[in-house]
Amino acid sequence: MNRLIIFILLIPVFFMISCQKDKPHKDLLKKDELVPLLIDLHLVYAIQSSAEFRKLSLTIDSVNTHSYIFDKYGVQKVVFDSSIAWYSRHPERFTKIYDEVVMNLTQMQDSLGGDEEP
C-alpha cells in the first residue's frame, strides 16, 4: 500500500519535471553573436583541411585557432559549447542560424569568384 501511495505522489512530480520548458540560459549566445563566430570557425576548418596548410603544419607547431576565434569574439569555450548544446535541442532555431552562416559563406565564395568545390 505504501508503494502505491508513493507512486501516486511521484506522478505529479515527474509530470512537472517533464513539462518544464528548456529556457535559454543567461549566457546563451544570441544569433547575431553566434553567426560570425561560426563563419570564422568554418573558414578555419576549410583552411586547415587544405593541402597547403597540412604541408605548413608539418614544419611548425600547430596553433590553437579555436582559442584565437573565441578571444576575438570575447566568448569562452564553455559558453560556446553550452550554446551549441542548447541550440541542438532547438533545431528550428539552429537551422535559422546555419542558414545565415551558409548564406554568408556562399556570398564570400561568390565574391572571390570561386564556384568550384574542393
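The values are calculated or read from the model by the stated rules, or taken from the named source; none is laboratory data. Just so we're clear, the structure is a prediction, and the values are computed from it rather than from any experiment. For neighbour counting, all protein chains shown are included, and Cβ atoms are generated from backbone atoms with ideal geometry for every residue, glycine included.
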Query raised in the report: Residues of the stretch 51-64 being surrounded by 12 or more Cβ atoms within 10 Å (Cβ to Cβ) and modelled with pLDDT of 75 or more, which ones?
Result: Phe53
Report task. May I ask you to list pairs of residues, at least six apart or on different chains, whose Cβ atoms are under 9 Å apart, with the first in the stretch 49-78 being over 16 Å from Ile39 (Cβ atoms) and the second being surrounded by 10 or more Cβ atoms within 10 Å (Cβ to Cβ) and at pLDDT 90 or above? Result -> Ser67/Lys77; Gln76/Phe70; Lys77/Phe70
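Kindly indicate whether Ser67 is of a type in the set (S, T, N, Q), under 16 Å from the mean Cα position of the chain (by Cα) and either outside any helix (DSSP H, G or I) or at pLDDT 80 or above (or both).
On the way: of a type in the set (S, T, N, Q): yes; under 16 Å from the mean Cα position of the chain (by Cα): yes; either outside any helix (DSSP H, G or I) or at pLDDT 80 or above (or both): yes.
Spelling it out, Ser67 is indeed of a type in the set (S, T, N, Q), under 16 Å from the mean Cα position of the chain (by Cα) and either outside any helix (DSSP H, G or I) or at pLDDT 80 or above (or both).
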